[in-house]
1. Across the range 45-61, which residue is farthest from residue 132 (Cα to Cα) among those that are loosely packed, with under 14 Cβ neighbours inside 10 Å and within 17 Å of the chain's Cα centre (by Cα)?
2. Which of (1) out of contact with any strand residue (DSSP E or B) (no Cβ under 9 Å at 6 or more places or on another chain); (2) closer than 19 Å to residue 11 by Cβ is the odd one out, the single condition residue 87 does not satisfy?
3. Please go through the range 85-144 and pick out each residue that is among the polar types (S, T, N, Q), within 13 Å of the chain's Cα centre (by Cα), surrounded by fewer than 20 Cβ atoms within 10 Å (Cβ to Cβ) and part of a helix (DSSP H, G or I).
4. For the range 57-103, which residues satisfy the criterion of being touching a residue at least 60 places away in the same chain (Cβ under 8 Å) and of a type in the set (D, E, K, R)?
5. Please go through the range 1-44 and pick out each residue that is surrounded by 12 or more Cβ atoms within 10 Å (Cβ to Cβ), part of a loop (DSSP other than H, G, I, E, B) and among the aliphatic types (A, V, I, L, M).
6. Being more than 25 Å from residue 5 (Cα to Cα) and small (Gly, Ala, Ser): is that true of residue 151 here?
7. Residues in the range 44-83 that are at pLDDT below 95 and of a type in the set (Phe, Trp, Tyr): how many?
Amino acid sequence: MSTKPLKATFERIPPAVYFLVCLISGWGLGFAWPVPLGFQTVFAQLAFGGPLCLAAISIGAWTIHHFRRRHTSLEPFSTPTKLLTSGPFQCSRNPLYVALALTLIAMGVFLDSVWVLASVLVLVFALNHFIIPVEEARLREIFGGQYTAYAALVRALGGRPA
């Protein structure tokens, strides 16, 4: 039995859906079988989670602004019209996914839940195995050597330069 049709199905799921499934699953597991991180006060949760949340919002806003300024779509399944290599894309080939992962980590801290925090691993796995390869193949097809040179210099989510 081939796993290609199943993989193709997972490749069509929007990244935001993966994020929500991880958040809701982690929260649900934490509700059913609580495993706290051990923060003693709400202040401690805010002290650790607040900066993570601010970083996620900042990276996400900066990236969205960069897409709009360059007049190209930020939709994961659309055809890009420009290769973005400046701004947040100098640090990561996937800054929006970095923002999603940071948001999930912050939510794990705010909810004091090991399960939500652990769900970050599931999110990064799903993005790295189902979404990013499809996006990068499309970018290589459209931008060729220009994208290959860029990918050789800049890290992807959870990985090394290509």
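The values are calculated or read from the model by the stated rules, or taken from the named source; none is laboratory data. If you're wondering where the values come from, they're calculated on a predicted model, not measured in any experiment. A quick note on method: Cβ atoms are made from the backbone with ideal geometry, for glycine too, and the neighbour counts reach across all protein chains shown.
1. 54
2. (2)
3. Passing the criteria: only 128.
4. Selection gives 93 alone.
5. 13, 35, 37 - these are the residues of the range 1-44 that are surrounded by 12 or more Cβ atoms within 10 Å (Cβ to Cβ), part of a loop (DSSP other than H, G, I, E, B) and among the aliphatic types (A, V, I, L, M).
6. Judged against the criteria, residue 151 is a match.
7. Within the range 44-83, residues that are at pLDDT below 95 and of a type in the set (Phe, Trp, Tyr) number 1.
Each row is one residue, and each column tells you yes or no for (1) out of contact with any Ser or Thr (no Cβ under 7 Å at 6 or more places or on another chain); (2) hydrophobic (A, V, I, L, M, F, W, C).
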{"position": "4", "(1), (2)": "yes, no"}
{"position": "8", "(1), (2)": "yes, yes"}
{"position": "13", "(1), (2)": "yes, yes"}
{"position": "18", "(1), (2)": "yes, no"}
{"position": "29", "(1), (2)": "yes, yes"}
{"position": "60", "(1), (2)": "yes, no"}
{"position": "63", "(1), (2)": "yes, no"}
{"position": "82", "(1), (2)": "no, no"}
